[in-house]
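One structure is given below, encoded as structure tokens.
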Amino acid sequence: MFSFPALVGDIGGTNARFALVEARGAAPRQIARIGTGDYPDAVTALRYALDQAGPIRPRSILLAGAGPLEGRSLHLTNAGWTLNGPAIAAALGFEQGIILNDFEAQALALTVLDPVDFEPIGEVRAGTTGTRLALGPGTGLGVAALVPVEGRMLPFATEAGHVGFGPDGPDEEAFWPHLERVDGRITAESVISGSGLLRVHRARMQAAGREDRLDSPQAVSDAALDGQSDDARDTIAAFWRLIARFSGDMAIAFMARGGVCLMGGVAPRLLPLLDERAFRRVFADKAPMADLAATIPTAIVTDTDAALHALAGLAANSDYYLLDYERRLWR
């Protein structure tokens with residue numbers, strides 16, 4: 001289905017990474033990392049990536065993009081690019097191609113990553129077969145399920161990050177009125193994302209009546225990790241509680257007995273400040289479904305190139321995955 005060499009790309013609202021898979025079963029070799037906003041469109045960025053491949057000319061292309069997929073096209077939710085498969089194929093001469101939602105690819109990665117890439121959260125370990133969830137904050141908040149069907153794997157992309165989200169408990173109720181709204185709403189993504197971390201921190205400071213000069217998500221996380229700011233550390237603790245609460249909600253919504261895996265770049269970076277017991281307590285606080293939630297394992301995927309590995313696995317073993325190839329392949 002996919003000829004080699006193949007170009008694979010993970011395109012987010014902030015950054016895009018491209019890698020070359022030279023042969024079936026080969027590991028992806030990263031060739032380019034760019035800022036999405038530094039290029040006017042996908043074709044221009046892909047031309048740059050192809051230049052970095054040197055004399056090797058990829059025959060197939062597999063892309064993951066952070067936005068809802070519409071057949072053979074995907075518009076990035078938090079950037080200006082539209083990934084139009086047939087247009088890319090025509091402009092750059094690929095023999096075959098496919099686009100996935102970015103967290104659809106993250107879900108597929110759960111089938112190809114090594115055990116060492118999973119850092120368990122708490123004492124509940126994976127073992128039960130069943131639906132698994134890939135979930136994680138980045139520029140946005142991605143959620144996708146991976147469902148086993150008769151020995152094959154069905155990825156199921158969602159836009160669950162855009163559901164409404166409210167406070168739970170006195171601490172959140174205190175700062176919630178101060179949260180910046182996005183498009184007039186407070187959603188899970190508006191608080192559980194890179195920019196959401198800064199919104200939570202600013203809201204907490206306003207609620208406490210204190211000024212704070214931390215002006216970016218990076219600054220908040222750095223100040224917390226370096227021990228420079230108790231306020232920043234408290235914000236990270238609150239952020240982890242929000243992640244745990246939303247993860248538990250999604251776990252019971254999808255009956256994800258196979259586990260919930262936190263993915264992307266934000267969660268691994270904040271791992272040193274994770275209180276595992278507190279996370280599991282909030283995750284399982286789902287009465288009357290608390291007993292179910294308590295049995296669902298949780299882990300952090302520490303490989304931030306998981307989507308590239310997933311796309312390489314899809315190129316090598318496409319029959320293993322239940323995708324609507326007839327409607328999604330470019331040629």
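The values are calculated or read from the model by the stated rules, or taken from the named source; none is laboratory data. Computed from a prediction, not measured in an experiment: that's the story for all the values here. Counting neighbours? That spans all protein chains shown, and the Cβs are built from the backbone with ideal geometry, glycine included.
Some points to look at:
- Near pairs, Cβ below 7 angstrom, 6+ apart or cross-chain, from the stretch 293-315 (more than 10 Å from residue 62 (Cα to Cα) and not assigned by TED's automatic domain parsing to the domain that holds residue 258) to any residue that is among the hydroxyl-bearing types (Ser, Thr, Tyr) and surrounded by fewer than 24 Cβ atoms within 10 Å (Cβ to Cβ): 313/111
- Count of residues meeting criterion [surrounded by 15 or more Cβ atoms within 10 Å (Cβ to Cβ) and part of a loop (DSSP other than H, G, I, E, B)] in the stretch 1-21: 6
- The residues of the stretch 27-62 that are within 24 Å of the chain's Cα centre (by Cα), in a helix (DSSP H, G or I) and polar (S, T, N, Q) amount to a single one, 36.
- Filter result for residue 218 (of a type in the set (S, T, N, Q) and not in a helix (DSSP H, G or I)): no
- Condition broken by residue 144, with the remaining ones in (1) without any contact (Cβ under 8 Å) to a residue 60 or more places away in the chain; (2) not in a strand (DSSP E or B) satisfied: (2)
- Among the residues of this structure, residue 242 does not count as one that is more than 21 Å from residue 296 (Cα to Cα), surrounded by 15 or more Cβ atoms within 10 Å (Cβ to Cβ) and among the hydrophobic types (A, V, I, L, M, F, W, C).
- Sole residue being over 18 Å from residue 121 (Cα atoms), in contact with an Asp or Glu (Cβ under 9 Å, 6 or more places away or on another chain), in a helix (DSSP H, G or I) and not polar (S, T, N, Q), chosen from 245, 204: 204
- Within the stretch 124-141, the set of residues being part of a loop (DSSP other than H, G, I, E, B) and not charged (D, E, K, R) comprises 124, 126, 127, 128, 129, 130, 131, 138, 139, 140.
- Criterion (within 24 Å of residue 155 (Cβ to Cβ) and not in a loop (DSSP other than H, G, I, E, B)) met by exactly one of 67, 97: 97
- Of the set (1) without any contact (Cβ under 8 Å) to a residue 60 or more places away in the chain; (2) farther than 28 Å from residue 294 by Cβ; (3) of a type outside the set (D, E, K, R), all apply to residue 166 but (2).
- The residue pairs whose first member lies in the stretch 212-224 and is assigned by TED's automatic domain parsing to the domain that holds residue 274 and touching a residue at least 24 places away in the same chain (Cβ under 8 Å), whose second member is basic (Lys, Arg) and assigned to a helix (DSSP H, G or I), and whose beta carbons are closer than 9 Å, counting only pairs six or more residues apart or on different chains, are 221/269; 224/233.
- Residue 257 falls short on exactly one of the conditions (1) free of Cβ contacts under 8 Å to residues at least 40 places away in the same chain; (2) closer than 30 Å to residue 287 by Cβ, and that condition is (1).
- Scope the stretch 100-123; condition assigned to a helix (DSSP H, G or I), under 18 Å from residue 142 (Cα atoms) and either of a type in the set (A, V, I, L, M, F, W, C) or in contact with a Phe, Trp or Tyr (Cβ under 9 Å, 6 or more places away or on another chain) (or both); matching residues: 103, 104, 105, 107, 108, 109
- Filter result for residue 326 (out of contact with any Leu (no Cβ under 7 Å at 6 or more places or on another chain), of a type outside the set (Gly, Ala, Ser) and free of Cβ contacts under 8 Å to residues at least 12 places away in the same chain): yes
- Restricting 73, 60 to residues that are without any contact (Cβ under 8 Å) to a residue 40 or more places away in the chain and buried (at least 16 other Cβ atoms within 10 Å of the Cβ) narrows the list to 73.
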